[in-house]
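Encoded as structure tokens, the structure appears first; notes follow it.
The values are calculated or read from the model by the stated rules, or taken from the named source; none is laboratory data. Being a predicted model, the structure only gives us computed values, none of them experimental. Every residue, glycine among them, receives a Cβ derived from its backbone with ideal geometry; neighbour counts consider all protein chains shown. We work out accessible area using only protein heavy atoms, side chains counted, and drop any ligands, DNA or RNA first. Shrake-Rupley method; radii C 1.70, N 1.55, O 1.52, S 1.80 Å.
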Amino acid sequence: MSPIRSATIAALASAVVATTLTGCQFGGAEQDTSPIVIAADLELSGAAAPVGRTYQRALDLKVEQLNSSGALNGREIKLKVKDNRSDSAESLRNIADFSSDSSVSAIIMGGCNECAVGAVGTINEKRIPTIALAASGAIAGPVAERRYVFKLGPNAPDSAAALTTELRRNNIRKVGMLVSDDDYGREGASALKSELDKVNITLREQKVKTTDTDVSQQVQLLASGKPDALVFWTSPEQAALAATSAQQTTFRGSLFFDAGAAGDLFLGASAKATERATLIFTQTMVIDDVIATTPAKAARRQWFQDYTARFGGYNGSSSFAADAVQLIADAELRAGGEAGKVNRNGIRDVLETSQMDGLSGPIRMTPDNHSGLMPQALTTLVARNGRWRLAG
């Protein structure tokens, strides 16, 4: 076992076990050895299946790591996974089933914005803590109406601010934006326009449905406006299609990807079209370019290596799923309550004040903010020789 891996597991064990000592070192209460049951509602088939399968791989790996770490105070995590088929109605049925199961501590939802937003009412009514991995800000806010709902992943205003900084640094004056016609896309278009207006950069946009498999017409229309740069605020699959389409037009400017367009580390068939493109995303995507100078960076590097060794490649979104498991496990151990009985209200209360330097970056939940990924988690990546690299 490498020194970094040993140090990482030791740090994990110390952090998790330390949270449980207060509840068990006095009074001699019987140790709780019941499983920590985490349910997952994922897009394992249908249009969003690629990201859903990424999340499932990440959940399986993270659960395996925690269960073998000795950090759960004699307990083990068990996953219950249901496929929502990329359909919000099916997702809602899954959420209802999970919330009716008294053994389930919390739910992790996948990348479907409509699924998460549509389930908010049921989640609050059933009072089951839920962490969504989808990007829409409407999932976690307003907090007063979403007390049991939390979100992990980049936020549109943070991504828009980081993109604007890069556009301005590259002296871009005119931008064409391809944006998905969903909640996150609309948030993104509004946020980016607001940021660009501050620095006098003009914006023209074209929308695509989340199910579109041909975006060439929209890209052609954007290119005809002769922008200095194109911004793709879409799914990873559509961003790759858009980059290839742009290459087939007269456009010769720069390409910029929003954090939601991040997918696999290696760009595959779109490598040539995306060469020198800029992506706003978390550092973990390229942690093999980073010297592990802190325990948090060492943990991210180890996660990257473990995931790559297991699955033969790396997907940027995997760290969000892993961090969701960690947050729920920590909250379960800290929430207390009667042995063998799930304390969902206690878990919710702990999640609402959770802070950790996660695999995705710094995460801070507060009673006023249930979307925990901090803006500092985002950095600038550049496509070089068929993969994403740290800029600079």
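Which ones in segment 366-387 are within 24 Å of residue 272 (Cβ to Cβ), assigned to a strand (DSSP E or B) and either open to solvent by 30 Å² or more (accessible area, probe 1.4 Å) or of a type outside the set (Gly, Ala, Ser) (or both)? Once the filter is applied, which keeps residues that are within 24 Å of residue 272 (Cβ to Cβ), assigned to a strand (DSSP E or B) and either open to solvent by 30 Å² or more (accessible area, probe 1.4 Å) or of a type outside the set (Gly, Ala, Ser) (or both), segment 366-387 yields 380, 381, 382, 384, 387. Checked against the criterion of being over 14 Å from the mean Cα position of the chain (by Cα), over 22 Å from residue 53 (Cβ atoms) and among the β-branched types (Val, Ile, Thr), segment 324-336 contains not a single residue that satisfies it. Of the listed requirements (1) aliphatic (A, V, I, L, M); (2) open to solvent by 20 Å² or more (accessible area, probe 1.4 Å); (3) assigned to a helix (DSSP H, G or I), residue 324 misses just one: (2).
Scanning segment 221-241 for residues that are open to solvent by 50 Å² or more (accessible area, probe 1.4 Å) and at pLDDT 95 or above returns 221, 224, 226, 228, 241.
Of the listed requirements (1) in contact with a helix residue (DSSP H, G or I) (Cβ under 7 Å, 6 or more places away or on another chain); (2) surrounded by fewer than 22 Cβ atoms within 10 Å (Cβ to Cβ); (3) polar (S, T, N, Q), residue 318 misses just one: (2). Scanning segment 299-321 for residues that are outside any helix (DSSP H, G or I), in contact with a Ser or Thr (Cβ under 7 Å, 6 or more places away or on another chain) and farther than 21 Å from residue 392 by Cβ gives 315, 317. Among the residues of segment 125-179, the ones that are at pLDDT 95 or above, hydroxyl-bearing (Ser, Thr, Tyr) and within 19 Å of the chain's Cα centre (by Cα) come to 3 in all. Taking the criterion of being in contact (Cβ under 8 Å) with a residue 40 or more places away in the chain, closer than 15 Å to residue 306 by Cα and out of contact with any strand residue (DSSP E or B) (no Cβ under 9 Å at 6 or more places or on another chain), the residues of segment 39-70 that qualify are 61, 65, 69. Restricted to segment 299-313, and to residues that are small (Gly, Ala, Ser) and open to solvent by 30 Å² or more (accessible area, probe 1.4 Å), which residue is farthest from residue 61 (Cα to Cα)? Result: 312. Filtered by the rule that a residue be open to solvent by 80 Å² or more (accessible area, probe 1.4 Å) and within 18 Å of residue 259 (Cβ to Cβ), segment 191-220 gives a lone residue, 193. The residues of segment 36-66 that are open to solvent by 20 Å² or more (accessible area, probe 1.4 Å), of a type in the set (Gly, Ala, Ser) and modelled with pLDDT under 95, listed by number, are 46, 47, 48. Against the list (1) open to solvent by less than 30 Å² (accessible area, probe 1.4 Å); (2) of a type outside the set (Gly, Ala, Ser); (3) not in a strand (DSSP E or B), the condition residue 178 fails is (3).
The set of residues from segment 261-298 being open to solvent by 30 Å² or more (accessible area, probe 1.4 Å) and assigned to a helix (DSSP H, G or I) comprises 268, 269, 272, 283, 288, 289, 295, 297.
Scanning segment 335-357 for residues that are of a type in the set (Lys, Arg) and either in a strand (DSSP E or B) or surrounded by fewer than 14 Cβ atoms within 10 Å (Cβ to Cβ) (or both) turns up just one, 341.
Answer yes or no as to whether residue 86 is assigned to a loop (DSSP other than H, G, I, E, B), closer than 21 Å to residue 327 by Cα and open to solvent by 10 Å² or more (accessible area, probe 1.4 Å). No, not satisfied. Restricting segment 106-118 to residues that are assigned to a helix (DSSP H, G or I) and open to solvent by less than 10 Å² (accessible area, probe 1.4 Å), the residue that is farthest from residue 87 (Cα to Cα) is 116.
Quick check, is residue 165 surrounded by fewer than 24 Cβ atoms within 10 Å (Cβ to Cβ), touching a helix residue (DSSP H, G or I) at 6+ places or on another chain (Cβ under 7 Å) and without any contact (Cβ under 8 Å) to a residue 60 or more places away in the chain? In short, no. Determine, yes or no, whether residue 348 is in contact (Cβ under 8 Å) with a residue 24 or more places away in the chain, closer than 17 Å to residue 108 by Cβ and over 18 Å from the mean Cα position of the chain (by Cα). In short, yes. Selection of segment 119-142 for residues being open to solvent by 10 Å² or more (accessible area, probe 1.4 Å), under 19 Å from residue 102 (Cα atoms) and in a loop (DSSP other than H, G, I, E, B) yields only 127. Among (1) in a loop (DSSP other than H, G, I, E, B); (2) open to solvent by 10 Å² or more (accessible area, probe 1.4 Å), where does residue 80 come up short? Going through (1) in a loop (DSSP other than H, G, I, E, B); (2) open to solvent by 10 Å² or more (accessible area, probe 1.4 Å) one by one, residue 80 breaks only (1).
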